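Comments concern the structure below.
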Amino acid sequence: MSAEVQKGKKRAKTQYVGNAKRHKGGRQLEVGMQGILITCNMNERKCVAEAYSLLNEYGDLLYGAEKLCEKEDKLSGSEEEEEEDDDDDVEAALKKEVDQIRTLTKKNLRRFQSLESGANNVVFIRTLNVEPEKLVHHILNELHTTKKKKTRVILRMLPVTGTCKAFPEDLRKYSETFFQPWFKAPNKGTFQIVYKARNNNHMNRDEVIKDLAGIVGSLNPENKVDLTNPEYTIVVEIIKNVCCLSVVKDYTLFRKYNLQEVVKSAPEEKPQEPAGEEGKEKAQEPVREEGKEKAQEPVREEGKEKPQAAAGEEGKEKAQEQSKDDPAVGSDA
């Protein structure tokens, strides 16, 4: 009996794992989604936990507390009535169950939902009824001003305003309408393009940048490229067959939207203040008085006078003779 029980447990485990994998495979980044791409360092579970806490905190501040749907009771009551009428027709009952599950999933979707991105150390958080670029910019702005570290695992947070298929023709068609709110006349601005591809080999970086820059220029000829301090940064993130696009501000100011780097203070703020007043006066004065006076005087009297004189008479003659013999010296000089 023990062997049969163990076999039953193994079968149950295999069925559970198989169902988990199927469910997990259905929850992944797809075309048409909006959200936030988050990079981490070898710990995706903690990254998701940190992302939920951080996004829920600032999401409640900007958009209010999240309200879940309260229509489950009505749908459950209607289910009982409809099941009594359609007991005989099995196919109709199955179709209705599938439709009801879809409606429940659509109405019970959370504001932030983690999905598989398709790349290692990258997490995608799908957003609903939220402006990703506005939310991420607000978070980075507060971290930049307060210098308070709120995450340990999360590295970068990149908003994803639009997604399309990762093929050149699809990207051109989609970007023509996608860039209009920022770059179509009368709107204008300086811009740069940042490109990153993961698990994708059929997209060429240089061609994508040229195509997108040409589209931005066609929308308004006054749009110009600025690689030092641009007003807008076009972020292109390609993962497998999905291309994620966004247009962000303050990309260089917020350290490429890196949460770990934004919190760090500038190196010229605090460390130089004590060294300028107390440290430099105490450390530099003895060097000028004792070190230089005692060390430099004997060098001038003993070391420099005799060797330089010898070098002036004998060394120059030898150098001139060698330069006549070696033709490469003149060419190098």
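The values are calculated or read from the model by the stated rules, or taken from the named source; none is laboratory data. Everything quoted here is computed from the prediction, not taken from an experiment. Backbone-built Cβ (ideal geometry, glycine too); neighbour counts: all protein chains shown. Remember, those area values only see protein heavy atoms, side chains included, never the ligands or the DNA or RNA. Shrake-Rupley method; radii C 1.70, N 1.55, O 1.52, S 1.80 Å.
Tabulated results
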| item | result |
| --- | --- |
| Residue within the range 177-192 that is surrounded by fewer than 16 Cβ atoms within 10 Å (Cβ to Cβ) and in contact with a Ser or Thr (Cβ under 9 Å, 6 or more places away or on another chain) present | no |
| When residues of the range 146-157 are limited to those that are under 21 Å from Ser117 (Cα atoms) and part of a loop (DSSP other than H, G, I, E, B), the one most open to solvent (accessible area, probe 1.4 Å) | Arg152 |
| Unmet requirement for Ser218, which otherwise passes all of (1) open to solvent by less than 70 Å² (accessible area, probe 1.4 Å); (2) in contact with a helix residue (DSSP H, G or I) (Cβ under 9 Å, 6 or more places away or on another chain); (3) over 26 Å from Met33 (Cα atoms) | (1) |
| Tabulated pairs, the range 150-173, first of a type in the set (Asp, Glu), second open to solvent by 10 Å² or more (accessible area, probe 1.4 Å) and not in a strand (DSSP E or B), C-beta under 9 angstrom, 6+ apart or interchain | Asp170/Val31 |
| Any hit, the range 96-106, residues being open to solvent by 30 Å² or more (accessible area, probe 1.4 Å), at pLDDT 75 or above and either of a type in the set (S, T, N, Q) or within 30 Å of Leu259 (Cβ to Cβ) (or both) | no |
| Residue tally, condition open to solvent by 20 Å² or more (accessible area, probe 1.4 Å), of a type outside the set (Asp, Glu) and not in a strand (DSSP E or B), over the range 221-255 | 10 |
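One line per residue, one yes/no per condition, for (1) closer than 24 Å to Asp206 by Cα; (2) surrounded by 18 or more Cβ atoms within 10 Å (Cβ to Cβ); (3) at pLDDT below 95; (4) of a type in the set (Asp, Glu):
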residue	(1), (2), (3), (4)
Arg126	no, yes, no, no
Glu131	no, no, no, yes
Ile139	no, yes, no, no
His144	no, no, no, no
Pro159	yes, yes, no, no
Cys164	yes, yes, no, no
Phe167	yes, no, no, no
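Residue-wise test of (1) in a helix (DSSP H, G or I); (2) modelled with pLDDT under 55; (3) surrounded by 13 or more Cβ atoms within 10 Å (Cβ to Cβ).
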{"residue": "Asn19", "(1), (2), (3)": "yes, yes, no"}
{"residue": "Lys46", "(1), (2), (3)": "yes, no, yes"}
{"residue": "Tyr52", "(1), (2), (3)": "yes, no, yes"}
{"residue": "Lys67", "(1), (2), (3)": "no, no, no"}
{"residue": "Glu83", "(1), (2), (3)": "yes, yes, no"}
{"residue": "Leu109", "(1), (2), (3)": "no, no, yes"}
{"residue": "Gly118", "(1), (2), (3)": "no, no, yes"}
